[in-house]
1. Could you work out the relative contact order of segment 95-217, using alpha carbon pairs under 8 angstrom and six or more residues apart, expressed as a whole percent?
2. Could you please tell me the mean projected area of the C-alpha convex hull for segment 55-98, averaged over all directions and given in square nanometres to one decimal?
3. According to the square roots a ≥ b ≥ c of the eigenvalues of the Cα gyration tensor, what is the shape class of segment 5-44, taking rounded for a/c under 1.5, prolate for a/b larger than b/c otherwise, and oblate for the remainder?
4. Once you charge only the Cβ atoms, +1 for Lys and Arg and -1 for Asp and Glu, what is the size of the charge dipole of segment 60-170 about its Cα centre, to the nearest 20 debye?
5. Please identify the cysteines of the chain that lack any partner cysteine with a Cβ under 4.7 Å from their own Cβ.
6. Mind giving me the nanometre distance, one decimal, between the label points for Thr241 and Asp67, set 7 Å out from Cα along Cα→Cβ?
7. How far is it, in nm, from the label point at Ala204 to the one at Asn18 when both lie 7 Å from their Cα along the line to the Cβ?
8. Taking +1 at the Cβ of each Lys and Arg and -1 at the Cβ of each Asp and Glu, which of Thr39, Pro83, Gln53 sits farthest along the dipole of segment 35-85 towards its positive end, judged by Cα position relative to the Cα centre?
Amino acid sequence: MGCADPRRLPHGGPDPMNDARPVHRVRVDGFWMDRTEVTNSQFTAFVAATGYQTVAERTPRAEDFPDAPPENLVAGSVVFSPPDAAVPLDNHLRWWRYVHGADWRHPTGPGSSIDGREGEPVVQVAFEDAEAYAAWAGKRLPTEAEWEFAARGGLSGAAYPWGDEFSPAGRWMANTWQGRFPHDNTAADGYSGPAPVGRFPANAFGLHDMSGNVWEWCGDWYRPETYAETSRKGVPEKNPTGPSSSFDPQEPGQPKRVQRGGSCLCSESYCARYIVGTRGKGEVSSATNHIGFRCVKAP
């Protein structure tokens, strides 16, 4: 698990990815994983069967957001909103905003819809929403170790799920950002947002979109020192499930779970977490229009 400092790679990005080291071995038992990310069609069936309401569809409670003015306590979610021109990349609030009425049925706000997008990955799902779907389907979310084992497709140590070259023979292998982030997406790979699942080649295990498209929730709590703690044990840990609690020094009061795979918004100038050994994180009650999930189950 993990990766070396990717800044040496042609598309490795500017981040040393310190939380993805040291590279270490783990052992995982066999499991089945969904071939693709959960789609809008599949999530629609879940909601129809259960009446489930996602976090983004619920009105925020004043006690949870004591500093928020009452007019902002409206159901909604975070939406990528690119600026008109280049901006410094040191403040993500320049391209994210909270949109009233944004949810899984309306990924970018009330004027949007999933009609005609049934085959795209469901987005605007918080961690508990993904867990709820997985339980209904008789499955669960993958551990971070399971996710990385599956993503690698047997290519231990490779930079990407398909090998070490980002675009072999000029072929796009994943849905990522092309152009200058965050204002100019050329969509050279054919998609300016999430693509229908399975449009890009599968890895050797038959799994699609393990790099790019949408971030995927994992079951583990996020801590940057997890790999260091695991490697100190001296022997490969079997079926690791991550730490017992979360801590992110960048936002100490926000509990976060691991997210993996990067998304259609990952570029070599910002994020670059389409590299298979890298790690992401997300506050558990938050969702955006580039976060989804897939499930696993025991054999």
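Each value in this text was obtained by applying a stated rule to the coordinates, not by laboratory testing. Bear in mind the structure is a predicted one, so any value in this text is a computation, not a measurement. All Cβ positions, even for glycine, are placed from backbone atoms using ideal geometry, and neighbour counts span all protein chains on display.
1. That works out to 22 percent.
2. 4.0
3. Oblate is the answer for segment 5-44, as a/c is 1.5 or above yet b/c matches or exceeds a/b.
4. Details: 8 positive and 18 negative charges, 38 e Å.
It works out to roughly 180 debye.
5. For the chain, the answer is Cys3, Cys218, Cys264, Cys295, because their Cβ atoms have no other cysteine Cβ under 4.7 Å.
6. Placing both labels 7 Å along Cα→Cβ, they lie 3.4 nm apart.
7. Using points 7 Å along Cα→Cβ, the separation is 3.3 nm.
8. With unit charges placed on the Cβ atoms, the residue in question is Thr39.
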